[in-house]
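Here's the structure we're looking at; comments come further down.
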2 protein chains.
Amino acid sequence: MARRSDHAPDELKRLASDAGRAIASEEGLRGLTVRRVAERIGYAPGTLYNLFANLDDLIVQINGSTLDALGVVLAEAAKADPEDRPRKLVEAYFDFVESRPRLWSMLFEHRLPEGEDLPDWYRPKLAALLALVAEALGPLMQDQTFEARQAIIVTMWAGLHGISTLAVSSKLTLVAETDPRQLGHLLVQRMLGR
Amino acid sequence: MARRSDHAPDELKRLASDAGRAIASEEGLRGLTVRRVAERIGYAPGTLYNLFANLDDLIVQINGSTLDALGVVLAEAAKADPEDRPRKLVEAYFDFVESRPRLWSMLFEHRLPEGEDLPDWYRPKLAALLALVAEALGPLMQDQTFEARQAIIVTMWAGLHGISTLAVSSKLTLVAETDPRQLGHLLVQRMLGR
DNA sequence: CGCTTTTATTGAACGATGTTCAATTGAATA
DNA sequence: TATTCAATTGAACATCGTTCAATAAAAGCG
């Protein structure tokens with residue numbers, strides 16, 4: 001069989017990454033296989049290699065769209081009054097992680113093979129997220145130099161990521177039950193010097 | 001063939017996890033396969049299943065020993081004068097990550113299958129590391145309640161983890177080149193309120 | 001409309017993976 | 001020496017990512 005054209009090429013690519021995202025959000029990275037995506041959209045495994053370079057490529061695409069979704073959520077939170085933004089942003093971040101734990105995990109669980117780099121469009125997407133947060137919190141860091149602000153934002157960002165990662169893999173609960181959100185708020189407060 | 005007894009059972013188990021660690025530190029989680037570990041120690045693949053429940057078990061064992069090694073390094077740094085400990089601990093942490101990037105990555109890159117939990121001995125090992133840091137930095141947090149100290153330490157811990165993770169997977173370098181160590185120091189300073 | 005060209009799609013094939021388990025064989029025991 | 005025991009094997013199974021010659025359907029053309 002050939003040239004079925006049940007779907008336009010772009011449409012088919014979307015269909016495939018949607019199917020991949022569905023599988024990943026249900027079963028995580030471990031359950032995401034080429035054959036299962038193909039089966040889900042009713043095509044042969046080989047077809048996916050016309051749409052994506054390989055499975056890693058498909059995963060990176062899905063991760064990219066996860067970053068986009070996170071951006072939407074954070075942008076919404078950034079509309080709050082400047083003094084409220086730290087709390088709102090942290091809440092939005094953890095809401096996002098909790099609503100899509102497996103997709104969010106895949107963002108960091110997946111590693112490209114040694115020597116391969118993320119595609120060119122990925123890093124700007126990440127930088128845009130950071131810029132969004134930096135702009136939202138700018139009014140609260142007016143006494144800081146540009147470099148200092150940059151460092152604060154990146155540290156906050158990485159810190160929230162660390163808290164969420166350990167929470168999701170349940171490597172955070174030790175003796176006492178520690179709420180990830182509270183740690184997030186604590187982190188942001190201290191990083192903003194309040 | 002059977003009962004070769006070239007090695008005592010415990011000895012063989014050590015041999016296998018050493019081989020696994022060697023492979024992982026050279027090629028990361030992706031290169032760590034049952035067959036390659038078996039080949040490296042001169043046994044058949046099936047033999048590994050007498051020593052470990054499965055590949056996940058072997059990985060968790062290696063991760064456990066990585067935590068131990070990190071503990072040794074941090075304990076050494078904690079011997080410094082109380083005021084120097086924040087800097088020394090951060091330096092020790094990043095030294096460790098940079099000296100074993102792939103082993104350290106495996107600590108967080110690896111996820112057990114859905115529903116499976118880390119073994120009972122793993123969580124205490126993690127808690128001991130946190131306790132070490134908490135004790136070392138206790139003198140610098142005397143104005144804090146026990147709960148507050150706990151939260152500060154865990155947040156620092158998760159934050160360092162986040163910074164290192166993003167740095168190792170090169171998702172930290174955005175516009176300007178940001179040194180992970182400096183971010184680590186910044187984080188710890190602010191979390192300790194200095 | 002028929003013929004040719006193009007190309008999207010297939011699915012068998014390859015090598016590699018984790019895991020199982022009956023068979024084997026060396027050591028320990030009697 | 002004969003028997004029991006258990007450590008070790010390696011073939012087998014299902015699955016994986018990936019490739020690619022074959023194919024069939026659409027598009028182009030006379």
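Brief remarks follow.
- Pairs exceeding 22 Å between alpha-carbon atoms, taken from A:K125/B:K171; B:K79/B:K125; B:K125/B:K171; B:K13/B:K125; A:K171/B:K125: B:K125/B:K171.
- Cleavage-rule hits (GluC sites (Glu not before Pro)) in the stretch B:58-122: DSSP loop, at most 15 neighbouring Cβ within 10 angstrom: B:E114, B:E116
- Solvent-accessible area assigned to carbon and sulfur over the stretch B:62-194 amounts to 52 percent, based on a 1.4 Å probe.
- Dipole magnitude of the stretch B:33-107, debye to nearest 20 (Cβ charges: Lys/Arg +1, Asp/Glu -1, about Cα centre): 320 debye
- Distances in nm from B:Y49 to the matching label points in the other copies, shortest first (labels 7 Å along Cα to Cβ): 3.0
- Dipole size of the protein assembly as shown about its Cα centre, with +1 on Lys/Arg Cβ and -1 on Asp/Glu Cβ: approximately 420 debye, rounded to the nearest 20.
- Charged side chains reduced to their Cβ positions (Lys and Arg at +1, Asp and Glu at -1) give the stretch B:7-52 a dipole of some 120 debye around its Cα centre.
- Nm distances between copies for A:K79, ranked from closest, using label points 7 Å along Cα→Cβ: 5.8
- Dividing the summed helix terms, -39500 (n - 2.57) for each DSSP H run of n ≥ 4, by the number of residues in chain A produces a 222 nm estimate of -21500 deg cm²/dmol to the nearest 500.
- Shape of the protein assembly as shown, Cα gyration tensor, a/c cut at 1.5: oblate
- The residues of the protein assembly as shown present an accessible area of 49 Å² per residue when probed at 1.4 Å with all protein chains retained.
- Heavy-atom accessible surface of the stretch B:7-52: percent carbon and sulfur, 1.4 Å: 49 percent
- Shown in residue order for the stretch A:145-158 are the 3J(HN,Hα) couplings computed by the Karplus curve 6.51 cos²θ - 1.76 cosθ + 1.60 at θ = phi - 60°: 6, 4, 5, 5, 4, 3, 5, 4, 4, 5, 5, 4, 4, 5 Hz (x for Gly and Pro).
- Contact surface B-A: accessible area buried, both sides summed, square angstrom, 1.4 angstrom probe: 4000 Å²
- Across the stretch A:75-82, computed HN-Hα scalar couplings (Karplus, 6.51 cos²θ - 1.76 cosθ + 1.60, θ = phi - 60°) run 4, 4, 5, 6, 7, 5, 4, x Hz from first to last residue, x flagging Gly and Pro.
- What separates the B:E116 label point from its copies, with the point 7 Å along Cα to Cβ, is 2.4 nm, written shortest first.
- In this label model, B:D84 and B:Q182 are separated by 2.4 nm, measuring between points 7 Å along each Cα→Cβ vector.
- Note on A:Q189 and B:A22: with the Förster distance fixed at 51 Å, the Cβ-Cβ geometry gives a FRET efficiency of about 0.70.
- Square roots of 5 times each gyration tensor eigenvalue, C-alpha, the stretch B:1-154, largest first, Å: 36, 16, 14
- For the stretch B:28-61, residues shielded by at least 40 square angstrom of accessible area compared with the chain on its own, probe 1.4 Å: B:R30
- Shape of the stretch A:84-188, Cα gyration tensor, a/c cut at 1.5: oblate
- Cα centroids of the stretch A:1-53 and the stretch B:82-155: 40 Å apart.
The values are calculated or read from the model by the stated rules, or taken from the named source; none is laboratory data. Remember, predicted model here, so these are calculated numbers, not experimental data. Neighbour counts are summed over all protein chains in view; Cβ atoms, including those assigned to glycine, are modelled from backbone coordinates with ideal geometry. Side chains are part of the model used for accessible areas, which takes the heavy atoms of the whole protein and leaves out ligands, DNA and RNA. Shrake-Rupley method; radii C 1.70, N 1.55, O 1.52, S 1.80 Å.
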